[in-house]
1. Where residues in the stretch 259-286 are at pLDDT 95 or above and open to solvent by 10 Å² or more (accessible area, probe 1.4 Å), which of them is nearest to residue 166 (Cα to Cα)?
2. Only one of (1) open to solvent by less than 10 Å² (accessible area, probe 1.4 Å); (2) closer than 30 Å to residue 287 by Cβ; (3) assigned to a loop (DSSP other than H, G, I, E, B) fails for residue 135. Which number is that?
3. Suppose the filter is open to solvent by 10 Å² or more (accessible area, probe 1.4 Å) and among the polar types (S, T, N, Q); does residue 80 pass it?
4. Go through (1) under 17 Å from residue 105 (Cβ atoms); (2) open to solvent by less than 30 Å² (accessible area, probe 1.4 Å) and name the single condition residue 33 misses.
5. Any residue at all in the stretch 115-126 that's open to solvent by less than 70 Å² (accessible area, probe 1.4 Å), among the acidic types (Asp, Glu) and touching a Ser or Thr at 6+ places or on another chain (Cβ under 9 Å)?
Amino acid sequence: MSRILVPALMTALAVGTVLGVAAPSASDDVGRVARAGQWQLGAMRLPDAWRTSKGAGAVVAVLDTGVNGRHPDLAGAVIQGPDLTGVARSPHRWGRHGTAMASLIAGHGHGEKREGGVLGVAPEAKVLSVRVTLDNGDPQRKKQRSDGRNALARGIRYAADQGAEVISMSLGGGSGSWEGSATEEAAVQYAIARGAVLVASSGNDGAAANRKNFPAAYPGVIAVGAVDRRLAVAGFSNRQDYVSVVAPGTDIVTADGRRSYVIGDGTSSAAAMVAGVAALIRSAHPSLSPYHVRRAIELGTRRRPAGGHSRAYGHGVVDAALALRAAGRLDVPAPGGVAPGPYFCEAPPSSRTPVIAGMVMLVAAMSARVLVTQRRRRRDVT
């Protein structure tokens, strides 16, 4: 669901809607409204984190519906990769969800002193756009050809081969992905072996079926749930053993594919922000293995549940400043290193034990080597 707002209604942002851009002066007003609505900047302690890193030099692959690099908040920050869907672009709807997610990762704002528009978690990072799915409501969605069925797996491998430090996947569910696929899982392991950090949304049916959601449930992927302004887990956020952390995911202002802004809910937004945190870490500590980047994010959390992990909160609410501090502590050469537990979490699916075991050995070897050398209120794309 989306709700319409005219720029003059400056206080309506608390309710949430689509913010449209008209004349330049209206655009400036909307940009300031958009920035004022970014409550996550304080909740994640981003101003503190930016004293250490703003993501310079990091490339985050956004596997989504495409990214509009002409949006003023993303100008110059987007590298256009391939379209793997097998479907031509819709003339009226293309890249809206992907643009929204990209803005949360690497949006740099616009205007005088960049005081308007969306600021992403890593405003100096670059985004590599890889189109692997279509926006909800796109009339072309039902026409997706068979050559687009493995789009996600191919997108993961492409991003890894291009050297993306982080791969952000704010998608999942439907089209058989409630069960996952061996092809996608193999691609995940391939990317991890090449040093990429993979992040995905945990899913948005936590108040209903609460199904296992892929790609978030693949071993090695950082699965992200959503919290509201009170830092309470949102009702829609899936509760699963594979949840790693939670991040802001309600009333989130993002850039829109039509050079405007939109407010939405979903674990998609939360995952994009955590991908941004991973970019901050990779920028400041480029030699850290995917496992250690994940551990830094998990260690750098607030509201940690009793026992250290829960199906709702994972390891807690992400704090970018704390995550960077944890990364600094982990980025110290030491003999041997600490081998990651299976699934990078406490409870891997038993059906994947052989695959997990192989990945554990692989990541453990990577970790040791590094140590030695130094989410319009709407449902997300499904």
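The values are calculated or read from the model by the stated rules, or taken from the named source; none is laboratory data. The structure presented is a predicted model; accordingly, all values stated were derived computationally and were not measured. Positions of Cβ are generated from backbone atoms using ideal geometry, with glycine treated the same way; all protein chains shown enter the neighbour counts. Calculation scope for accessible area: heavy atoms of the full protein, side chains included, ligands and nucleic acids excluded. Shrake-Rupley method; radii C 1.70, N 1.55, O 1.52, S 1.80 Å.
1. Selected residue: 282.
2. The failed condition is (2).
3. Answer is yes for this residue.
4. Here residue 33 clears every test but (1).
5. First, the residues of the stretch 115-126 that are open to solvent by less than 70 Å² (accessible area, probe 1.4 Å): 116-123, 125.
Then drop every residue that is not among the acidic types (Asp, Glu), which leaves none.
Within the stretch 115-126 (the criterion being open to solvent by less than 70 Å² (accessible area, probe 1.4 Å), among the acidic types (Asp, Glu) and touching a Ser or Thr at 6+ places or on another chain (Cβ under 9 Å)), the answer is no, since none of the residues qualifies.
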